[in-house]
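Read the structure below first, then the notes.
The values are calculated or read from the model by the stated rules, or taken from the named source; none is laboratory data. Predicted model only: the values in this text are computed from it and were never measured. Counting neighbours? That spans all protein chains shown, and the Cβs are built from the backbone with ideal geometry, glycine included. Each accessible area value is taken on the protein alone, full model and side chains, heavy atoms only, with ligands, DNA and RNA left out. Shrake-Rupley method; radii C 1.70, N 1.55, O 1.52, S 1.80 Å.
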Amino acid sequence: MTECSANKSANGDACHHKTNGRKPGRNGYVKNRFHLQRQQLQNSFYPKEKQASCNGGLYSRPFLESFEETPMLVAVLTYMGYGILTIFGYLRDFLREWKIEKCHIAREREEQKEFVPLYQDFENFYTRNLYMRIRDSWNRPICSVPGAKMDLVERVSHDYNWTFNYTGNVVKDVINLGSYNYLGFAENSGPCANAAADMTMKYGVGVGSTRQETGNLDKHEELEQLVARFLGVESSMVFGMGFATNSMNIPALAGKGCLILSDELNHTSLVLGARLSGSTIRVFKHNNMQSLEKLLRDAIVHGQPRTHRPWKKILIVVEGIYSMEGSIVRLPEVIALKKRYKAYLYLDEAHSIGALGPHGRGVLDYFGLDPQDVDILMGTFTKSFGGAGGYIGGKKDLIDYLRAQSHSAAYATSMSPPVAQQIIASMKCIMGEDGTTIGRERIHQLAENTVYFRTRLREMGFIIYGNNDSPVVPMMLYMPAKIGAFGREMLKRNIGVVVVGFPATPIIESRARFCVSAGHTRDMLDTALSAISEVGDLLQVKYSQHRASPSLDRAFNEPAYEETEA
């Protein structure tokens, strides 16, 4: 917690210090809050009054995240693995240069040797010598709905993953632990799919124009009114692409003379939008309130570089759930700092909307906060709603301004009508306006699946990152050779997973990332966990020194949300 007056208890005593972000460990900068979180879990059985006091009154429930330290031996072996691959990569490049080994790569033509190179040297080296070894773990084509189970098109490579050939076979009923289908609305049957099909028959598939011309349908207006009501804000605006919602709207909100304070783990769309805006960008450590507060203080004290004039605008940019870490933003603390230093707050809820909170309304609902405390609410429909596109919600003046200034509104084609209807139907289901309790049941099923899956992985001895309530579950693999091997072995057992390595993660933090869904049954999760345990034993990736204790099990298995009325 940030050590400031807002985070002191009512009797004037300071709260227990909580470490944020990275801290030095045996092998340099590591993320390790596991021991601290165990203490917090044991304290979670105290009365709520004491919990609120310890959290400075900002949290109504314990905030639990774990980032266990990388074991020293594993870190050393991981660096050695990358070093060996690099040495062999240079050796193979030497053999290719002398025509001893066949060269598959794209290269500069001889007559263009004096031109500026099209390929950056190390990126090209990494792609052909390291990534190519495990390329079969990505871009696998599927031929079914990406629901709790899916069908994969079988493919083989006879030239070490440079090219792939399709065998004509289909791998059936693969348990899907890779899609962001948090509430299970990515389906081809049921009321949402039927409504989208009816809309296709009525409006067609495409609009063929922008919103400002002849592409503004009544369904778009209905969707925007529904989104505003769902979020609890004055107005909202929807866009046909989630990535462009960030990258094309941030430049409309900030510009030269403005300061953007960005979390170091923010998504690429946020980073691109900040760069395109022309604003000054400063990065704070992930979820580290001391780092954020220091940047805010320096910005106010020193102002703009050289001139020292006050910044025209200070915009804090954070995400609800960080999709690579499984971490949830410390939103109550961010809002407290935002109010104290009179900054603006941009919250990206791409992964948290629908997936968090007792009513599925995202991280604000999860913490029980007022939507009016966030200036710009952004989210996507691509995950929990089973559709496509994104939205921005806030005050009416803000939305009216974006309708006139946003490039995504002026130049991008409107959202497809059946997609808009899919979102409307799924959102009404979540809100309970369809006359059923399906939405609420799925929200609670997702919460239960998340707690169960995380608890079992910890019991097995795996190192997993993130918040206990996050449906994004990163499991650490570390060594480069185990990235591809884990994905292949899991597919042999009919489990589809996503594996991630450098440069998408730090070089010694390669991982498998599981996405839990409300569509997963307990039998599916048990089957997947059994396969993960078997592969973990085979590849020796059970690194954790901390197994879940009985007291931890009780805390992890408590219901994530209480039954409350909206």
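Can residue 445 be described as open to solvent by 10 Å² or more (accessible area, probe 1.4 Å), under 16 Å from residue 193 (Cβ atoms), modelled with pLDDT of 95 or more and more than 18 Å from the chain's Cα centre (by Cα)?
No; evaluated as a whole, the condition is false for this residue.
So that you can scan it fast, the table gives a plain yes or no per residue for (1) farther than 30 Å from residue 442 by Cβ; (2) more than 19 Å from the chain's Cα centre (by Cα); (3) crowded, with 21+ Cβ neighbours inside 10 Å:
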{"residue": "477", "(1), (2), (3)": "yes, no, yes"}
{"residue": "490", "(1), (2), (3)": "no, yes, yes"}
{"residue": "493", "(1), (2), (3)": "no, yes, no"}
{"residue": "497", "(1), (2), (3)": "no, no, yes"}
{"residue": "501", "(1), (2), (3)": "yes, no, yes"}
{"residue": "511", "(1), (2), (3)": "no, no, yes"}
{"residue": "516", "(1), (2), (3)": "no, no, yes"}
{"residue": "538", "(1), (2), (3)": "yes, yes, no"}
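Out of 199, 150, which single residue is part of a strand (DSSP E or B), buried (at least 17 other Cβ atoms within 10 Å of the Cβ), modelled with pLDDT of 95 or more and of a type outside the set (Gly, Ala, Ser)?
It is 150.
Search the stretch 202-232 for residues being open to solvent by 50 Å² or more (accessible area, probe 1.4 Å) and touching a Gly at 6+ places or on another chain (Cβ under 9 Å), and hand back the single one that is farthest from residue 400 (Cα to Cα).
My answer is 208.
Please verify whether residue 238 is outside any helix (DSSP H, G or I), within 24 Å of the chain's Cα centre (by Cα), modelled with pLDDT of 95 or more and not hydroxyl-bearing (Ser, Thr, Tyr), treating the condition exactly as stated.
Judged against the criteria, residue 238 is a match.
Can you tell me which residue among 270, 296 is of a type in the set (A, V, I, L, M), closer than 17 Å to residue 341 by Cβ and open to solvent by less than 10 Å² (accessible area, probe 1.4 Å)?
296
Sort out which residues of the stretch 282-319 are part of a loop (DSSP other than H, G, I, E, B) and either touching a helix residue (DSSP H, G or I) at 6+ places or on another chain (Cβ under 8 Å) or modelled with pLDDT of 95 or more (or both), and write them in order of number.
Scanning the stretch 282-319 gives 285, 286, 287, 288, 303, 304, 308, 309, 310, 311, 312.
How many of the residues making up the stretch 153-189 are surrounded by 20 or more Cβ atoms within 10 Å (Cβ to Cβ) and assigned to a strand (DSSP E or B)?
3
Looking for whichever is closer than 24 Å to residue 211 by Cβ and part of a loop (DSSP other than H, G, I, E, B) here; the options are 386, 360. Which one fits?
Sole residue among the options that is closer than 24 Å to residue 211 by Cβ and part of a loop (DSSP other than H, G, I, E, B): 386.
Within the stretch 407-423, count every residue that is in a loop (DSSP other than H, G, I, E, B), open to solvent by less than 30 Å² (accessible area, probe 1.4 Å) and not hydroxyl-bearing (Ser, Thr, Tyr).
Counting residues in the stretch 407-423 that are in a loop (DSSP other than H, G, I, E, B), open to solvent by less than 30 Å² (accessible area, probe 1.4 Å) and not hydroxyl-bearing (Ser, Thr, Tyr) gives 1.
crowded, with 21+ Cβ neighbours inside 10 Å, within 24 Å of residue 396 (Cα to Cα) and in contact with a strand residue (DSSP E or B) (Cβ under 8 Å, 6 or more places away or on another chain): which single residue out of 277, 235 fits that description?
277
Scan the stretch 458-475 residue by residue and report those that are over 20 Å from the mean Cα position of the chain (by Cα) and closer than 25 Å to residue 81 by Cβ.
Of everything in the stretch 458-475, those that are over 20 Å from the mean Cα position of the chain (by Cα) and closer than 25 Å to residue 81 by Cβ turn out to be 460, 461, 462.
Every residue, every condition in (1) under 30 Å from residue 543 (Cα atoms); (2) assigned to a loop (DSSP other than H, G, I, E, B); (3) open to solvent by 40 Å² or more (accessible area, probe 1.4 Å), yes or no:
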| site | (1), (2), (3) |
| --- | --- |
| 77 | yes, no, yes |
| 81 | yes, no, no |
| 87 | yes, no, yes |
| 93 | no, no, no |
| 96 | no, no, no |
| 104 | no, yes, yes |
| 125 | no, no, no |
| 132 | yes, no, no |
| 135 | yes, no, yes |
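Could you tell me which of the residues 434, 400 is touching a helix residue (DSSP H, G or I) at 6+ places or on another chain (Cβ under 6 Å), open to solvent by 30 Å² or more (accessible area, probe 1.4 Å) and not basic (Lys, Arg)?
Sole residue among the options that is touching a helix residue (DSSP H, G or I) at 6+ places or on another chain (Cβ under 6 Å), open to solvent by 30 Å² or more (accessible area, probe 1.4 Å) and not basic (Lys, Arg): 434.
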